[in-house]
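Accompanying notes for the structure given below.
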Amino acid sequence: MKTRMVLITLFLFSISVFGQVPRTVLLEYATNASCPPCASYNPGNYSFLKSNYENMVAIWYHAWWPGSGDPMYVANKPENEDRIGYYNIPWVPYSVVDGVLYDAAGDLTELKSQMESRWDTTSPVKLNVASKILGDSLEVTLTMVVYGAVTQENLKLQTVITESMLTYPSPPGSNGEAEFPHVFRKFIGGVNGI
């Protein structure tokens, strides 16, 4: 199984001040390889993401229901559970846009509307991420440039490793899907961030 790792950095907070940097919107998405509605909605949502990569990043967490054997969930149970629990996600598929807009995964028109509403805002912070694989390790360099006032307190910086596309020779669950984009793999530095 050929895989490619992608590094995504999250700066999770809502900006209420004017900034000068175009926003890169974060889509966090919960799914499961044995979820029949997921098989119906995931392809359209993924197609939308592919056409908007210049404006967004995505992380797809895998839940432990309706099928407990989802291999993408099993690969990192504690961190998948932590993130799904953080948002109190009650079902799959489920979406969270920029940590503030919820549950449009089953309605592509609403998901587009949520994403577009966040693209219209700016950020006072720009993050530049570089990574390289060194043997069995990953080296990450993060540079943060502040362009405007940041008034929020208790901010968290969370860095995540995702797998851009995971393809199985046959579906690993019961819903017929064999291709899974943006698969969450690991938080660098833990789920609480720095």
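Considering each residue of the range 82-91, count those that are assigned to a loop (DSSP other than H, G, I, E, B) and either of a type outside the set (A, V, I, L, M, F, W, C) or surrounded by fewer than 17 Cβ atoms within 10 Å (Cβ to Cβ) (or both), and give that number.
Within the range 82-91, the first condition is being assigned to a loop (DSSP other than H, G, I, E, B), and the residues that meet it are 87-91.
The next check asks that each one be either of a type outside the set (A, V, I, L, M, F, W, C) or surrounded by fewer than 17 Cβ atoms within 10 Å (Cβ to Cβ) (or both); those that pass are 87-88, 90-91.
Residues in the range 82-91 being assigned to a loop (DSSP other than H, G, I, E, B) and either of a type outside the set (A, V, I, L, M, F, W, C) or surrounded by fewer than 17 Cβ atoms within 10 Å (Cβ to Cβ) (or both): 4 in total.
Find all pairs meeting these conditions: Cβ atoms under 6 angstrom apart; at least six residues apart or on different chains; first residue within the range 28-52 and in contact (Cβ under 8 Å) with a residue 60 or more places away in the chain; second residue assigned to a helix (DSSP H, G or I) and open to solvent by 10 Å² or more (accessible area, probe 1.4 Å).
Gly44/Leu108
On the given criteria, is Glu139 under 27 Å from Pro181 (Cβ atoms), modelled with pLDDT of 90 or more and either touching a strand residue (DSSP E or B) at 6+ places or on another chain (Cβ under 7 Å) or open to solvent by 50 Å² or more (accessible area, probe 1.4 Å) (or both)?
No, not satisfied.
May I ask you to verify whether Glu79 is in contact with a Lys or Arg (Cβ under 7 Å, 6 or more places away or on another chain) and in a helix (DSSP H, G or I)?
Answer is yes for this residue.
This table checks each residue for (1) under 28 Å from Gly173 (Cα atoms); (2) not hydroxyl-bearing (Ser, Thr, Tyr).
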{"residue": "Asp70", "(1), (2)": "yes, yes"}
{"residue": "Tyr86", "(1), (2)": "yes, no"}
{"residue": "Asp103", "(1), (2)": "yes, yes"}
{"residue": "Met115", "(1), (2)": "no, yes"}
{"residue": "Leu134", "(1), (2)": "no, yes"}
{"residue": "Met144", "(1), (2)": "no, yes"}
{"residue": "Tyr147", "(1), (2)": "no, no"}
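Is one or more of the residues making up the range 89-109 at pLDDT below 90, in contact with a Leu (Cβ under 6 Å, 6 or more places away or on another chain) and closer than 26 Å to Ile194 by Cβ?
Within the range 89-109, not a single residue is at pLDDT below 90, in contact with a Leu (Cβ under 6 Å, 6 or more places away or on another chain) and closer than 26 Å to Ile194 by Cβ.
Confirm whether Pro78 is modelled with pLDDT of 95 or more and on the phi < 0 side of the Ramachandran plot.
In short, yes.
Which residues, counting only those in the range 45-70, are open to solvent by less than 30 Å² (accessible area, probe 1.4 Å) and not in a strand (DSSP E or B)? So that I can check it myself, show each step before the final result.
Quick first cut of the range 45-70, residues open to solvent by less than 30 Å² (accessible area, probe 1.4 Å) only: 45, 48-49, 52, 56, 58-63, 67, 70.
Those that are open to solvent by less than 30 Å² (accessible area, probe 1.4 Å) and not in a strand (DSSP E or B): Asn45, Phe48, Leu49, Asn52, Ala63, Gly67, Asp70.
Quick test for you: out of Ser164, Ser131, Ser174, pick the one residue that is of a type outside the set (Asp, Glu), surrounded by fewer than 15 Cβ atoms within 10 Å (Cβ to Cβ) and within 27 Å of Asp82 (Cβ to Cβ). Outline the logic, then answer.
Details: Ser131 fails: surrounded by fewer than 15 Cβ atoms within 10 Å (Cβ to Cβ); Ser174 fails: surrounded by fewer than 15 Cβ atoms within 10 Å (Cβ to Cβ).
Checking each option against the conditions leaves just Ser164.
The values are calculated or read from the model by the stated rules, or taken from the named source; none is laboratory data. Computed from a predicted structure; not experimentally measured. With ideal geometry, Cβ positions are generated from the backbone for all residues, glycine too; neighbour counts draw on all protein chains shown. Quick note on the areas: whole protein, heavy atoms, side chains included, nothing else; ligands and nucleic acids left out. Shrake-Rupley method; radii C 1.70, N 1.55, O 1.52, S 1.80 Å.
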